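A.B. asks: Shown below is the structure under consideration.
The values are calculated or read from the model by the stated rules, or taken from the named source; none is laboratory data. On a predicted model such as this, the values are computed, not experimentally measured, just so you know. Cβ placement follows ideal geometry from the backbone for every residue including glycine, while neighbour counts extend to all protein chains displayed. With ligands, DNA and RNA removed, areas are computed over all heavy atoms of the protein, side chains included. Shrake-Rupley method; radii C 1.70, N 1.55, O 1.52, S 1.80 Å.
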Amino acid sequence: MKRKFFSIIAVLVMVLGLAPATVLAAPAPQEGFGGGGPVLLTQQVPINIVFLGYDKNVIDQMAVKDMLPASYVPIVRYPAFYGLEGRNLGLQFLFNYKVTFVNQKITDRFFKYLNDHGTVDVPTFFQTSYNDMENNVLDVADEVLYVDAPSVEYWLNQNLNINKKGYTIVFINWYGRPDFQFHVYTKTDVADPDTGYNFGVNRSSRKTIAWGGSNSRLWFYDLSAGPESWSGNYDVDNPDLDGNGVEDYRMPPIWEYTAGGYRDPAALSSDLGLITRFVAIDLLFTTSPLYDPLASAPEVNGSKIAHINMMEDDPASLGTDWINPGFVQQRYSEFEPYYNWQVNLTDTNPIDADAQRAFRIWGELDGSDDCWNDYGTPFAELFCYFDINRSTYIPAYGDADYVAGFHMFNTTADNLGAEYGLLGFADDNWIDGTQSYVFAFDTDDYRASGYGFTTTAIHEGGHHFGMSHPHDGYDSELGLDYGAADDFY
C-alpha cells in the first residue's frame with residue numbers, strides 16, 4: 001500500500017508517526033539537462049559541525065564522522081512508493097566536513113546571552129510529563145527560560161567563526177555549568193492569518209530544542225534544552241511511543257546520558273552523528289523533493305496558478321471567511337519568486353450533490369461503489385472524482401500556465417466521518433506518483449483549535465510543488481526513504 005503524507009490536526013494526534021522506513025532501490029546516476037546537452041551538476045558543500053559547551057574529551061570525533069555520508073544525490077521521492085525509480089535531479093553534493101569546538105570566551109558569552117534574553121516561565125507540558133516519568137534521572141525545575149529561537153540562530157551565525165558559504169550544525173550543551181538554566185526555544189511572532197491563534201505562544205508542542213534556517217544556513221540542536229514533544233525525548237519510560245510494537249530510537253536530554261540513565265554515555269557521539277546525517281544533511285541541508293518540481297513548472301511566459309475550489313458543506317458557516325488567497329499568493333511568490341503567481345478562488349455554495357456524494361464516500365459515510373473501486377480504497381474517491389470532473393470545478397487557463405487544483409471543504413466534524421482529524425493532503429495520481437490535487441478541510445472545532453484554511457493551503461501546496469516535510473526524507477547513499485518512526489524516530 002502506498003505511503004501517504006497527511007497534515008493531522010495537532011490537538012488530536014500528539015505525535016505524528018509516519019510509515020516505517022522503506023528501503024528503496026538506489027537509482028543509477030543520471031544526468032540533468034543543460035543547454036548543451038545532459039550535464040551532472042556537482043557541488044562541493046562545506047559542512048561545519050560545531051560543539052558549543054561540550055568537552056573535547058566527551059566527544060569522540062571519529063564516532064561522529066563514521067556516521068556521515070560522503071555525498072548526496074537527491075531524487076524525486078514519491079514514485080518510489082509505487083516501486084518506480086524516482087527521477088534523479090541531475091545534482092550531486094560532495095561534503096567537506098570541519099569539526100570545531102567553541103572556545104571558552106565565546107561559550108561564556110553565549111550562555112550569558114541565553115540568560116539575559118530568556119523569559120522565565122513555567123515548565124511546558126512535556127517537561128512536566130518528563131518529571132512524571134518513573135525512570136527520569138532528575139526533575140526539571142519549577143522555573144524555566146523561554147528563549148526566542150530565531151534570535152539564537154542569528155547570534156550563533158554572527159559570533160561563530162564558520163564558513164558561511166556552507167551549512168552549519170551547532171550542538172549545544174549548557175548542562176553541567178554553574179549558570180545552567182532549564183530552557184526551551186520558542187518562535188512566537190506568527191499568528192494564524194485566519195483565526196489569529198498563536199501556536200508558538202499557546203502550544204507546549206511548539207516549544208523546541210532545535211531551530212535554524214530562518215536567517216542563515218545554520219541549524220542548532222540543544223540536548224540540554226527541553227525535554228520536548230517532537231523528538232519524544234520527554235518519555236524515558238516507554239520504548240514504543242507510537243504503539244506499533246517496535247522500539248522508537250530517540251536521543252534523551254543530555255543528563256540522561258549517564259550510568260542508570262536512558263542512554264549509555266558512550267552512545268552520545270554516535271547519536272550526534274546520526275542527527276547530523278539523518279536530520280541535518282538528509283532532511284534540511286540537501287533534501288530530496290517529495291514530488292517532481294519540474295512537473296509543476298509553467299511553460300515560457302506562463303503563470304503558476306493555484307486555483308482554490310471552496311466547497312461549502314456546512315450551512316452554518318462560510319469557508320471563504322477562513323481563507324486569504326492574497327496571503328497564499330504572497331507566500332508562494334516569496335518561495336519561488338522566479339514564477340508569475342496567481343491564486344484564485346471559486347466558491348461552490350452550497351456544495352453540489354455529486355461532489356458531496358464523493359466527499360461522503362471518501363469519509364466512509366456512503367458505501368457506494370464508484371471510481372474508487374479501481375484503486376481499492378474509498379480514500380481514492382476525492383482524487384478520481386475531481387480528476388474525472390476537473391473541468392467542472394477548475395476553469396480553463398492559458399496553454400502555457402500550470403494550474404494546481406485546490407479542493408477545500410468547509411464542513412463539519414460529522415461530515416468528515418472516518419477522516420475526522422485530517423487537515424489536508426497533497427494527493428498524487430495513484431498511478432506513478434505524480435502530484436495531482438490538494439485537498440483541505442476545516443470545521444468550526446478545527447477553527448476553535450486555531451486552524452483556518454490559509455496555512456493548510458500553503459503547507460499542502462508546498463508539497464504539491466515538491467517540498468518534503470522536515471521530518472521525513474531520503475538518504476541517497478543508503479537508498480533509504482524514512483520517516484519519524486522506529487529506528488528513525
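A.B. asks: Mind listing just one residue for me: the one in the range 460-489 that is assigned to a strand (DSSP E or B) and touching a Pro at 6+ places or on another chain (Cβ under 9 Å) and, of those, farthest from R360 (Cα to Cα)?
C.D. replies: As a first pass, look at the range 460-489 and keep what is assigned to a strand (DSSP E or B): 473-475, 480-482.
Retained after the next criterion (residues that are touching a Pro at 6+ places or on another chain (Cβ under 9 Å)): 474-475, 482.
Values: Y474: 35, D475: 39, Y482: 32 Å.
In this case the residue turns out to be D475.
A.B. asks: Additional query: When only residues in the range 280-333 that are under 22 Å from the mean Cα position of the chain (by Cα) and without any contact (Cβ under 8 Å) to a residue 40 or more places away in the chain count, which is surrounded by the fewest Cβ atoms within 10 Å (Cβ to Cβ)?
C.D. replies: That would be L294.
A.B. asks: Further, regarding this structure: So which residues in the range 425-454 are part of a helix (DSSP H, G or I) and over 18 Å from the mean Cα position of the chain (by Cα), if there are any at all?
C.D. replies: D444, D445, Y446, R447, A448
A.B. asks: Of all helices (runs of 4 or more DSSP H) completely enclosed by the range 300-412, which ones contain at least 1 residues that are under 15 Å from A457 (Cβ atoms)?
C.D. replies: Working: elements: 325-335, 353-362, 381-388, 390-393.
Helices (runs of 4 or more DSSP H) meeting the threshold: 325-335.
A.B. asks: I've got another one for you. Taking E364 as meeting all but one of (1) within 24 Å of T195 (Cβ to Cβ); (2) open to solvent by 40 Å² or more (accessible area, probe 1.4 Å); (3) of a type in the set (D, E, K, R); (4) touching a residue at least 24 places away in the same chain (Cβ under 8 Å), write down the number of the exception.
C.D. replies: (1)
A.B. asks: So which residues in the range 124-178 are touching a strand residue (DSSP E or B) at 6+ places or on another chain (Cβ under 6 Å), of a type outside the set (A, V, I, L, M, F, W, C) and either within 20 Å of I47 (Cα to Cα) or surrounded by fewer than 16 Cβ atoms within 10 Å (Cβ to Cβ) (or both), if there are any at all?
C.D. replies: E143, E153, N157, N163, G166, Y167, T168
A.B. asks: Now for a separate question. Find all pairs meeting these conditions: Cβ atoms under 9 angstrom apart; at least six residues apart or on different chains; first residue within the range 43-72 and free of Cβ contacts under 8 Å to residues at least 24 places away in the same chain; second residue open to solvent by 30 Å² or more (accessible area, probe 1.4 Å) and part of a strand (DSSP E or B).
C.D. replies: D55/F101
A.B. asks: With the requirement that a residue be closer than 21 Å to K207 by Cβ, within 24 Å of the chain's Cα centre (by Cα) and acidic (D, E), what does the range 243-269 give you?
C.D. replies: Within the range 243-269, just D248 meets the criteria.
A.B. asks: Given the conditions (1) open to solvent by less than 10 Å² (accessible area, probe 1.4 Å); (2) within 26 Å of F93 (Cβ to Cβ); (3) part of a helix (DSSP H, G or I), which single one is not true for A457?
C.D. replies: (2)
A.B. asks: What residue, among those in the range 54-89 that are open to solvent by less than 30 Å² (accessible area, probe 1.4 Å) and more than 24 Å from the chain's Cα centre (by Cα), is nearest to S476 (Cα to Cα)? Even if it seems obvious, please write down each step before you answer.
C.D. replies: So in the range 54-89, the residues open to solvent by less than 30 Å² (accessible area, probe 1.4 Å) come out as 54, 59, 63-64, 68-69, 71-72, 74-80, 86, 88.
Within this subset, residues satisfying the condition of being more than 24 Å from the chain's Cα centre (by Cα) are 54, 59, 63-64.
Details: Y54: 30, I59: 27, A63: 21, V64: 19 Å.
Checking each candidate, the answer is V64.
A.B. asks: Residue under question is V120, and the condition is that it be surrounded by 17 or more Cβ atoms within 10 Å (Cβ to Cβ), among the aliphatic types (A, V, I, L, M) and modelled with pLDDT of 95 or more; does it hold?
C.D. replies: Values: surrounded by 17 or more Cβ atoms within 10 Å (Cβ to Cβ): no; among the aliphatic types (A, V, I, L, M): yes; modelled with pLDDT of 95 or more: yes.
The answer is no for V120.
A.B. asks: Which one of Y397, Y402, Y437 is at pLDDT 95 or above, surrounded by fewer than 22 Cβ atoms within 10 Å (Cβ to Cβ) and in contact with a His (Cβ under 9 Å, 6 or more places away or on another chain)?
C.D. replies: Values: Y402 fails: in contact with a His (Cβ under 9 Å, 6 or more places away or on another chain); Y437 fails: surrounded by fewer than 22 Cβ atoms within 10 Å (Cβ to Cβ).
Step by step, each of Y397, Y402, Y437 is checked, and only Y397 is at pLDDT 95 or above, surrounded by fewer than 22 Cβ atoms within 10 Å (Cβ to Cβ) and in contact with a His (Cβ under 9 Å, 6 or more places away or on another chain).
A.B. asks: Yes or no: Y234 among the aromatic types (F, W, Y), at pLDDT 95 or above and open to solvent by 30 Å² or more (accessible area, probe 1.4 Å)?
C.D. replies: Working: among the aromatic types (F, W, Y): yes; at pLDDT 95 or above: yes; open to solvent by 30 Å² or more (accessible area, probe 1.4 Å): no.
It is false that Y234 is among the aromatic types (F, W, Y), at pLDDT 95 or above and open to solvent by 30 Å² or more (accessible area, probe 1.4 Å).
So that you can scan it fast, the table gives a plain yes or no per residue for (1) open to solvent by less than 50 Å² (accessible area, probe 1.4 Å); (2) closer than 20 Å to N48 by Cβ; (3) at pLDDT 95 or above; (4) hydrophobic (A, V, I, L, M, F, W, C):
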{"residue": "T208", "(1), (2), (3), (4)": "yes, no, yes, no"}
{"residue": "G212", "(1), (2), (3), (4)": "yes, yes, yes, no"}
{"residue": "Y221", "(1), (2), (3), (4)": "yes, yes, yes, no"}
{"residue": "G226", "(1), (2), (3), (4)": "yes, no, yes, no"}
{"residue": "S229", "(1), (2), (3), (4)": "yes, no, yes, no"}
{"residue": "P252", "(1), (2), (3), (4)": "yes, no, yes, no"}
{"residue": "G261", "(1), (2), (3), (4)": "yes, no, yes, no"}
{"residue": "D264", "(1), (2), (3), (4)": "no, no, yes, no"}
{"residue": "D271", "(1), (2), (3), (4)": "yes, yes, yes, no"}
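A.B. asks: Taking the range 97-113, which residues are under 24 Å from Y146 (Cα atoms) and in contact with an Asp or Glu (Cβ under 9 Å, 6 or more places away or on another chain)?
C.D. replies: Matches in the range 97-113: D108, F111, K112.
A.B. asks: Right, next: Looking at (1) in a loop (DSSP other than H, G, I, E, B); (2) over 21 Å from T276 (Cα atoms); (3) among the aromatic types (F, W, Y), which is the only condition W174 fails?
C.D. replies: W174 satisfies every listed condition except (2).
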